[in-house]
Structure formats: C-alpha cells, structure tokens
Amino acid sequence: MCALFRTITFAVLLPSQPEFAVAQPASRFASSRSGVTLFAVLCLLGPDAGFAQDLSSLSLEELLSVKVTGVSRFDQRSNEAPSAVTIITRDQIRDHAWRSLGDMLDSVPGLFMTTDRVYGYLGVRGFLQPSDYNSNVLLLIDGIAANDAIYNQAFLGNAGLLDTALIERVEFIPGPGSSVYGSNAILGVINVITTTGRSERGTTAELSAGNHGSRGVSVRHGHADDRQDLLVSASAWRSDGETVTLADTDDARFGRARGLDHDRGKRFMARYAWDEFTLLGAYSERTKGYATAPYGTVFGDPRTVARDTQALIALTHRTEWQPGLNLQTRASFGSARYKAKWAFPLPDGTNRDDSDSRWWGVEVQATDTRFEHHTLVYGAEYRDEFRLRQHNADLGPEPDEVRLDDSRSARHLGVYAQDEWRIDNWRINAGLRIDHYSSFGSTVNPRLGIIHLISPRTTVKYLFGSAYRAPNVYEMHYHDGNDTMKANPDLDPERVRSLELALEHHFDSDWRAAGSLFRNQIRKLIVQRLDPEDGLLAYQNLGRTSVRGVTLSASRIWSDGTRLSFSSSWQATHDSESGQRLTHSPRHVAKADVSVPLGNWRATLEARYLGARTTPDSRVSAQSWANLALVSIDPVAAGARVSLRVNNLFDRDLADPASEEFAHDRLPREGRTAWVTLAWRL
Amino acid sequence: MAVVSAPSPARPPRGSRKLGAARRFLGKWALLAWVGIAGLAGAQTLSDVHGLRAAMIYNLMLFVDWPAESLKDTVTLCVITDDPDVSRPFAELAGKTVRSKTLMTQRRAPLAKIDDCDAVFLSGLDESLLADKLASVAGLPVLTLASSPGSGAMIDLALAGERIVFDVSATRLRSAGLSLASRVMQLARKVHH
C-alpha cells in the first residue's frame, strides 16, 4: 500500500517536463531526464525523516523541481501534536482587545468561563467543579508551572500574573497532559508564551478608562539587538465596581451592594534574554472586594476583602548540546500569598484567613532527534515547596484566637519520557511519566496518541491518556479549628482517563474545520462532604464522573484579513455517585467570532451561548450574549492607537450558578462593561 | 477560600438506554468517518519542506568559494532557529564534504553569536532580529542564507508557488569576499548585482 501510495503521490507531484534548463551540465548537475531519476529516488525513499539525507544527494536542479505542498495561513504544526490544540495569536489578542486570559479561553471551542465575581473559573468540555480554583488545568508561563502551591490555583481572571499585552501566544491543549507535565493537567494545559522586547521595541504607554469607575495605566519598554532582548513592563488598574443586586433570595438581608465589588491590582514583568539564557520575572498583586457575602459573612460589610499576590522568577538555558540533542535547563522560584479578611457577625471583629506558599525547582529536558524517524523528549524535575503555611484567626480587641496555624513543606520529583515516532504519514506519540510526592507517594501516567496525516490537509488523531491531580495542601490540611471544617491528610490523587478521536481538515489554505469525539472518566474525585459522624465538612475521594461529548469547529481567514470562526460542543455528563447529571455543566456551548478590517480599524464581534446549568437546588437557564471590540491599526487621536472592548454588549441579565460558599444559588455576571485604551508609542 | 462544594446530582437522567444507543452510534460514526476520509484524501502526501531546503543549502554551499585563509579544517554551517523541525535535517548533513573539508552543522539560539560560522542559515526570525544578525557579520567571510525574500542575506530561499526558488545578491557575496559559481547563478530566480 505504501508503494502504491508513494507512486500515486509523486506521479502527481512531479512536473512532466523539467522546467529548469541546464546551461553547463556538470558532474553535480543531472540531465534533463532528471524527473525520471528523481521519481526513482523518491520511490525508494524511506519515511519523511530520512528525506534530507537522500535529498542532499540530488542535484540542485533536481531539488528545484520538487513541488512542495500544504502551505497554509494557519499554523499547521498543531496537526502533528498529540492533542486537538487551539492556538491564540498576538494578532487575535490585539484585535479582540482581550483583557484577561479568561477572555481568551472563552473563545476556545468547548471551553466556558464562569465567575463568582472574584475569580474566573474555566469549564472544560462540560466539566467544572464549583470553586476548585482551576486546579484541574495546568497553567504554564513560558513552560513554567504557574499554579500556586496551596490551592493549585490557575489565575485566569483579573488576578492573572501577566498583562495581556505581554502575551505572544496562548496554546490550549485539551485532554490529560500528566505524561509530560505532571500534576493538575487533568482537563488540559494552558501554555502562555510571553512576547519579546523585539516585538515591543521602544516604549509604549497606555491609559485606560471604563464604566463603573474603571481606570488603568501601563508602561512597557522593549530593547533588542543581535545578542540580547529585554522587555520590562509595569501596570496598575482599579475599578470601583458595579452595584450588585442579589435578588434571587428570600432572605431580607440581601439586596443591593453598592461600592463593594471594587477591584484593583498592579503587575510588573521583566524578561531578559542573552545568547542561550532567558531570565523571566513577574509579579502581580490584586485586591478584590466582595459584594456577594461568601461563607456566611455579613452582607454589605465593606471589610470583607481578599488579596492575592504572586511572584515568579525563572532562569532558563537552551542549547544544542550535540547535533540533534537539545537541552533545556531551568531553575525557578515562585511565591503565592493570599490574605483575606472576613466580616463575620462576630462580637469583636473580623476573621482573617491567610496562606503563604513558596517553592523553588529545577528541571532539565532533552529533545533528542538523533534517531531517524524519532523525536524523543525526556527529562526530570524536582520541586521543593519549602513553605506552605495556612493560618486562620479571629481578630479582635482581645488577643487573636488562632483557629489554624499549619506550616509544612513538601517535595516532589518527576521523570518522564516521550517519543514521537514518524512512520510514513503516521505519528505514534507515546509518553510515560513517573512522579513521587513526599505527601502521598508515587503515580505513573501514560499517554498514547496515534496521528494519521491522511494528507497535508487532513489529520486524524486517536488519543488515549491518563492524568492525575495531587491533592493540594488546602484540601488535605485546611480546617477552621474543627468548628465546621476538618482536615483529611489521607487523600489520594484525583485521576482522569480520557479517550478522544479528533479530526482536522483544511479545505484550502484559508478554511479549516475540526471535530472531536471524547470521553473523560474522572475517578477519586476530590469533593467536600459532610461527615455524618461528627457533622464536619472534609474533602474526600468520593465522586466518579464521566463526560462524553463532541466538539465541532470551523474557521476561515480571507485574504483581506476578515476572520470568521464558529464552534459548538455538546456533552453528556454522568455522576456515578448519584447516577445523575453533573451540576454546573451545560449540555451545549456555542460561540461565533467575526473580525472585519474597516480601513484603519478592525471590528470584532463575539457571540456566546451557554446552555442551562443546574445546582443542587436550582437552575440557571440558557443564556447568550455578545462582546464587541473595535481597535485602530494606526494612531487616530492625539497620536494614540485606540482600542475599545465592550463585554455583554446588549446588557443582558447573565448569571452563573454559585458554589456552596455563597448563600445564593446564582450570582449575577457583570452587565455591560466598556473599556477604552489609548496607546502611545513614545 | 473556606468551603467548597461538590458536583452533585440535579435532575434525573433522561434514559440511559438512549445514551447507550448514542454511544454505539458515535463509535460507528467515528470509524466510518476515519475510513471515509482516509479513502477520499489519500491521493496526496506531505512534502518535507525543511528537508528540501536543507538539501538545497548544502548543494549551494558546494559552489561557494571562501577566501583561502578564512576556512579552517572544517566548514561550519550554523542554523539559527527556534524550530527543531527546521534544524533537524541539517544534523543529518554533518560529516559530508564541502570544498574538500568536513561539514559541521550547529543549531544555535536566535540570540547566539554567529561570527565564527562559515555559513549561516537564518530561519523564522523576526525581521528586525534578522537585520541585526546580518549586520553582526557584515564584511566577514560568512555566507548568509535566509528563508524570506528581501531579507538582506546573500542567498534567499523562497517558496514560489509550490517550489523552492532562490535569489542571490552578488553584491553582498562580493563585499564579503565570497563567490558563487556562475552556473548556479543561472539557476537563481533573481540575481541582484
């Protein structure tokens, strides 16, 4: 079949007449019958990886006559990836005027973002565990794991570590990623790649303003020459916040919360690259008011606020150690702090809930292309979470009553290997990772992807993988003095097994469609339950959930720059514990984006549909909304480039089902929110 | 972050019999789609652009004359790229012979120095980095090749329609003290004098 396949292929590809006349045939220059020679050589060629060696023995003239196929406007490298990857580019980020990572992910097929008005939560293929702080997805910033060490939280909303202007590309890799990345890569991996000083060259200053008293300022500077690249950025923003109406309760204590939904933050980032080294540093701080009275706090009390602070520093070295063997070595340090003040109806004062985590790690990764037809990736990483502190105390005029003061440390070692084996137009991608945790022991996770590049236009992928999420320190050791919550240090990792069949097709260079059938089975789901023996809440490995569904997407790029994309996903969920449908899960998610160039402007309209979702006690019906972005290409006013983004354009009443942390069944989303930014190149 | 709820049931399932049937249907559908698409689309194949380009660069180097004093025992071809797919075929060229010397190929990071190379192929670099890299070897006997027309390199390999073609800047070759065999010049799409 292979021989026949090659015969047909190259018969089609070869020119019937050589198109290059040879002036002075020399030893290296073949005769005009080179087509025949080439045909013979090509027929004898092995798989693609052996191509170069054999090709190099051909003459220049012969090489010039070989046809190349499959050139596309889309980034086609994702074709061979062992996953149905979605890539978001810098152009898209600029054109949509996205303000957070959550905004971007909300455009990805099969994903949906929800909010409790403090953090953004990502639902992946119908699965969203309320208030799991996105611990089921792994967030990587330039390849560095950025989930914090206590809650394993991936910050996707305003608490995110990076300004969107600093992001070059975002890749969402759905499915289990533990065979390469380790913990948290249960539902997918979000890979954020930062931009360079070169693409920012010079200084840019931005001023922003929006409704609900929103304003922001940012400055960034890029410098680059042939050996180095520097990018520095600083920004600050604040918003007084919307007046939030919590009307869906009979409780008379609730109503309108004015001036409590405030939000403010600042971020710093620096990235310096020299030769084979890259140093990255990022810091963010974000303070949020609560208009929603969580955990039974007093409604309308402005003292309830929470602050998240994160820092990340990493030094990476990349080199080709020997031909075909690339080595990446990295040392990193991270810190995440959480400080919340809760206004409980206490006689003397408030309650304070703090956590502080710090870790350092080293990793080495080799990409080995020395073996024909194989790309091997292997590596090891070690992480020392040397400070993991959780603290809870009632504050007051009396000495503080400490309910929880838990300090500990944890270590973790992981080794992994992955091979991509190229056989003709097949790619076999197999990987295995072994992790050892000081807290609970070892775990092994395999992955297998079989990718069939049926043609340069069509790819079919059959994917199997398993992944895990290590129970985090919060789930294992948090308690409030055994008042309502107790610790459970015996938790096991949560596990997922996933099967997927994905298909990608390029109708022509501008038209792409993809579809995916998947099944995720999550076992030992870590859930919080009431222990009937003592009436205390604790995390337990209880649930078992299966999600199966289908995602379809299509996108088109026209030569004038118009872009259109559409996606729709349906999923059926089943919770084995209850034998019923999973809560917080929509059956149907659909989205459509259109982006049109209009002279010096580009207008982008996003339409979103989210199916009905349930909570244990109520239901949030299906909702749809639209967002608009309008950005100028060149400066228009006072020498500034202008960008405008309006979320919830038609001011629809939108809501998300609330978690048990809140007294309400549903929390309203923001109404129409507009944000204008003026950017000057200095 | 104190209390976290768990997913729990909401509404009774709508008949597991239906779900089972749907699953069987989906299974069949998937297999059918795969087979169908494989059959329909099977008349084409991938062509290895990177391998082809690497082979062309090797071929071009066979016809370059470096100043006698500039070459050591080996000829070093540096591939400046972030993309292992681009550099992979070059690793397989190492050990071949160029101007009766052994060819060494090295992949280097985009920000690495290149003035100790005899030839450099710059691929996938930002326009301004490409300009900076080329400026850093201006006047040196370093053959520069790039994969974007008008890049400012001595030889540019470009995709024209479905073929790889090359443009030559005789001026830049000359100012670096290099020369390219005239019969190769005749195969070039364009020669800038």
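Out of every Cα pair in segment A:76-681, what percent are spaced more than 49 Å from each other? The answer is 8 percent, as a whole percent. Against the main long axis of the alpha-carbon atoms of chain A, helix A:2-13 sits at an angle near 80°. Using the Cβ of A:PRO446 as centre and a radius below 14 Å, the other residues enclosed give a net charge of +2, where K and R count +1 and D and E count -1. Computed from the Kirkwood radius of its Cα pairs, the Stokes-Einstein diffusion coefficient for segment A:103-174 at 20 °C and 1.002 mPa s stands at 169 µm²/s.
To the nearest 20 debye, what charge dipole does segment A:86-236 have about its Cα centre, counting +1 at the Cβ of each Lys and Arg and -1 at the Cβ of each Asp and Glu?
The calculated dipole for segment A:86-236 is roughly 160 debye.
Which of rounded, prolate, oblate describes segment B:49-192, given a ≥ b ≥ c as roots of the alpha-carbon gyration tensor eigenvalues and a/c under 1.5 marking rounded, otherwise prolate only if a/b is larger than b/c? Rounded, because the longest to shortest axis ratio a/c is under 1.5. Between A:VAL217 and A:ARG387, the simple spin-label model (points 7 angstrom out along Cα→Cβ) gives 3.1 nm.
The fraction of accessible area contributed by carbon and sulfur in chain A is 55 percent, rounded to a whole number (1.4 Å probe; ligands and nucleic acids excluded).
Both chains summed, the buried accessible area for B and A stands near 7900 Å², from protein heavy atoms and a 1.4 Å probe. By the gyration tensor of its Cα atoms, with a ≥ b ≥ c the square roots of the eigenvalues, what is the shape of segment A:162-267: rounded for a/c under 1.5, prolate for a/b over b/c, or oblate? The shape class here is oblate.
In the complete set of protein chains, residue-level accessible area for A:GLU504 is approximately 10 Å², probe 1.4 angstrom.
Mean residue ellipticity at 222 nm, helices only, the protein assembly as shown: -4000 deg cm²/dmol; runs of at least 4 DSSP H residues each add -39,500 (n - 2.57), and the sum is divided by the number of residues. Note on the protein assembly as shown: dipole from Cβ charges, positive end direction compared against A:PRO347, B:PHE90, A:SER618; the farthest Cα belongs to B:PHE90. Placing B:VAL142, A:VAL362 in order of accessible area, with the largest value first and a 1.4 Å probe, yields A:VAL362, B:VAL142. Regarding segment A:290-371, what's the average projected area of the Cα-atom convex hull, expressed in nm²? So the Cα hull casts an average projection of 8.1 nm².
Shape class for segment A:496-585: prolate, because the ratio a/c of the largest to smallest gyration tensor axis (alpha-carbon atoms, square roots of eigenvalues) is 1.5 or more and a/b beats b/c. Solvent-accessible surface of protein heavy atoms, probed at 1.4 angstrom with all chains present, puts A:GLU398, B:GLU92 in the order A:GLU398, B:GLU92, largest first. Basic side chains Lys and Arg get +1 at the Cβ, acidic Asp and Glu get -1 at the Cβ, and with that the dipole of segment A:343-406 about its Cα centre reaches some 340 debye.
Between the listed residues A:HIS588, A:GLN153, A:ALA282, the Cα displaced farthest toward the positive end of the dipole of chain A, a dipole computed from Cβ unit charges relative to the Cα centre, is found at A:HIS588. Between A:ARG227 and B:THR171, how high is the FRET efficiency from 1/(1 + (r/R0)^6) when r is the Cβ-Cβ distance and R₀ = 30 Å? Nearest 0.05. My answer for the efficiency is 0.70.
Could you sort A:PHE650, A:PHE440, A:PHE268 by their accessible area in this structure, using a 1.4 Å probe and putting the largest first?
Descending order: A:PHE650, A:PHE268, A:PHE440.
Take each residue in B:84-97, count the other chain C-beta atoms within 10 Å of its C-beta, and the mean is 5. Between A:ALA306, A:ALA273, A:THR677, the Cα set farthest toward the positive side of the dipole of chain A (charges on each charged residue's Cβ, about the Cα centre) is that of A:THR677. The 3J(HN,Hα) values that the Karplus relation (6.51, -1.76, 1.60; θ = phi - 60°) gives for segment A:163-174 are, in residue order, 5, 5, 5, 9, 9, 8, 7, 10, 10, 10, 10, x Hz. Gly and Pro appear as x. Per-residue surface analysis assigns A:ARG427 an accessible area of about 10 Å², computed on protein heavy atoms at 1.4 Å probe radius. Annotation: A:LYS461 carries an accessible surface of approximately 10 Å², with a 1.4 Å probe and no ligand, DNA or RNA atoms counted. Residues in segment A:105-170 average 14 Å² of solvent-accessible surface per residue, probe 1.4 Å, ligands and nucleic acids excluded.
When Rg and the Kirkwood Rh are both derived from Cα coordinates, the Rg/Rh ratio for segment A:596-636 amounts to 1.35. Dipole check for chain A: with +1 at the C-beta of Lys and Arg, -1 at the C-beta of Asp and Glu, and the Cα centre as origin, the magnitude is about 1400 Debye.
The values are calculated or read from the model by the stated rules, or taken from the named source; none is laboratory data. For clarity, every value in this text was computed on a predicted model and none was experimentally measured. Don't worry about glycine lacking a Cβ; one is built from the backbone with ideal geometry, like all the others, and counts go over all protein chains shown. To get the accessible areas, we keep the full protein, side chains included, count just its heavy atoms, and leave off ligands, DNA and RNA. Shrake-Rupley method; radii C 1.70, N 1.55, O 1.52, S 1.80 Å.
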